[in-house]
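The values are calculated or read from the model by the stated rules, or taken from the named source; none is laboratory data. The shown structure was predicted, so the numbers you read here are calculated from the model rather than taken from an experiment. Cβ atoms come from the backbone with ideal geometry, glycine included; neighbour counts cover every protein chain shown.
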Amino acid sequence: MFQAILPYLLFALGFVVLIKGADMLVDGASAIARKLRIPSLVIGLTIVAFGTSAPELLVNIVAGINGSADLAIGNVIGSNISNILLILGVAGLICPLRIGHGTVWKEVPFALLAVGVMFVMANDIMIEGGPTSVISRSDGIVMLGFFAIFMYYTYGISRVQGEEDADKAPLMKTSKALLFIFLGCLGLGFGSDWVVKGAIHVATIFGLSESLIGLTIVAIGTSLPELVTAGVAAYKKQADIAIGNVVGSNIFNIFFVLGISSTVTPIAFSPALNIDIAICAVATLLLMLAVFIGRKHEIERWQSAIFLSFYVGYIVYLVMRG
């Protein structure tokens, strides 16, 4: 009896662990940013983004080894779509999100570049006329090369903008902040894993397809850390961490998560997922467009509501597509 209800118990407990983990991660990351005179945006693009992308990485490696290609790629594409439309939609409803100039003209375009690179690497049949479409080990190495460029860029931000938080006192001792970051990432990892396993357990009862599970349940489940972290950051008026977390996670998901996954084992690609890649690109373009409509460089609540409505429409489309 206990074994039968265990997945449901872990599913509920996972949300509690996620919320507490996100809270600790944001607090610890903010303290480190001020202590080391590193902009909050850089922390959001690196430490927080890496911590919240860990579930996608673990799910993809396991899925790739088990031969579940649609689940692995669907997880990345679906997570990136939900990061923008769902997570920024929720965070923007909590508090309007101010987006910095560099994010508009550099980080978001880099995220769009990541989508383009993924499309090129995945479509061997369309581009090269090959017999199959596979994200190979060499493709993964190229993606990791782009990821290294992104990390060098974030280092440049810290060198140029590192003085902006210098006048602010650290929120806590460095040792405590590092402990918070570690425990926060640990909570996010375990929490999201329990939620995803519980969701998959429920989904398989209804006989859903692997690609649908990857694009919806697994994608949303592995994006829960970003959702909770961005929501907490928005509530605490840490817009840079909220935006940086989402944009950074999208870049991490493609260049790092998909790069590592395909380097471990090549991942077969289904051309049917090109529609979802296109939707991912459109979502990224919508993010760029939103900052120039209404208040400049700000995502207002009405725009966040539109993001959410688009996401609901996308989920309905996926269910109808089957």
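Candidates 234, 278: the one that is modelled with pLDDT of 80 or more, buried (at least 24 other Cβ atoms within 10 Å of the Cβ) and of a type in the set (A, V, I, L, M) is 234.
Of all the numbered requirements in (1) touching a strand residue (DSSP E or B) at 6+ places or on another chain (Cβ under 8 Å); (2) surrounded by 16 or more Cβ atoms within 10 Å (Cβ to Cβ), residue 132 misses one, and that requirement is (2). I'd like to check something: does region 229-237 contain any residue that is touching a residue at least 12 places away in the same chain (Cβ under 8 Å), outside any helix (DSSP H, G or I) and over 24 Å from residue 317 (Cα atoms)? Yes, because at least one residue in region 229-237 is touching a residue at least 12 places away in the same chain (Cβ under 8 Å), outside any helix (DSSP H, G or I) and over 24 Å from residue 317 (Cα atoms).
Restricting region 29-56 to residues that are β-branched (Val, Ile, Thr) and farther than 14 Å from residue 234 by Cβ, the residue that is modelled with the highest pLDDT is 32. Among the conditions (1) modelled with pLDDT under 85; (2) more than 13 Å from residue 254 (Cα to Cα), residue 72 misses just one, which is (2). Checking each residue in region 203-242 for being among the charged types (D, E, K, R) and more than 16 Å from residue 58 (Cβ to Cβ) picks out 210, 236, 237, 240.
Considering only region 219-242, how many residues are among the aliphatic types (A, V, I, L, M) and in contact with a Ser or Thr (Cβ under 6 Å, 6 or more places away or on another chain)? Residues that pass the stated criteria total 4.
If I ask for residues that are modelled with pLDDT under 85, farther than 15 Å from residue 110 by Cβ, assigned to a helix (DSSP H, G or I) and not charged (D, E, K, R), which ones from region 131-169 would you list? Within region 131-169, 158, 160, 161 meet the criteria. At least 2 residues being closer than 22 Å to residue 310 by Cα is the threshold, and among the helices (runs of 4 or more DSSP H) wholly inside region 64-130 those reaching it are 69-82, 88-94, 108-122. Residue pairs whose Cβ atoms lie under 7 Å apart, sitting 6 or more positions apart in sequence or on different chains, and linking a residue in region 1-28 that is more than 15 Å from residue 191 (Cβ to Cβ) and modelled with pLDDT of 80 or more to a partner that is surrounded by 12 or more Cβ atoms within 10 Å (Cβ to Cβ) and among the aliphatic types (A, V, I, L, M), are 27/171; 28/177; 28/178; 28/181.
Looking at this structure, is residue 210 under 20 Å from residue 85 (Cβ atoms), among the acidic types (Asp, Glu) and in contact (Cβ under 8 Å) with a residue 12 or more places away in the chain? Judged against the criteria, residue 210 is not a match. Within region 206-216, the residues that satisfy the criterion of being part of a helix (DSSP H, G or I) and surrounded by fewer than 24 Cβ atoms within 10 Å (Cβ to Cβ) are 210, 211, 212, 213, 216.
Among the residues making up region 264-305, a single one is free of Cβ contacts under 8 Å to residues at least 60 places away in the same chain, farther than 24 Å from residue 106 by Cα and either β-branched (Val, Ile, Thr) or part of a loop (DSSP other than H, G, I, E, B) (or both): 275. For region 297-311, the set of residues classified as of a type in the set (A, V, I, L, M) and more than 15 Å from residue 282 (Cα to Cα) consists of 299, 305, listed by residue number.
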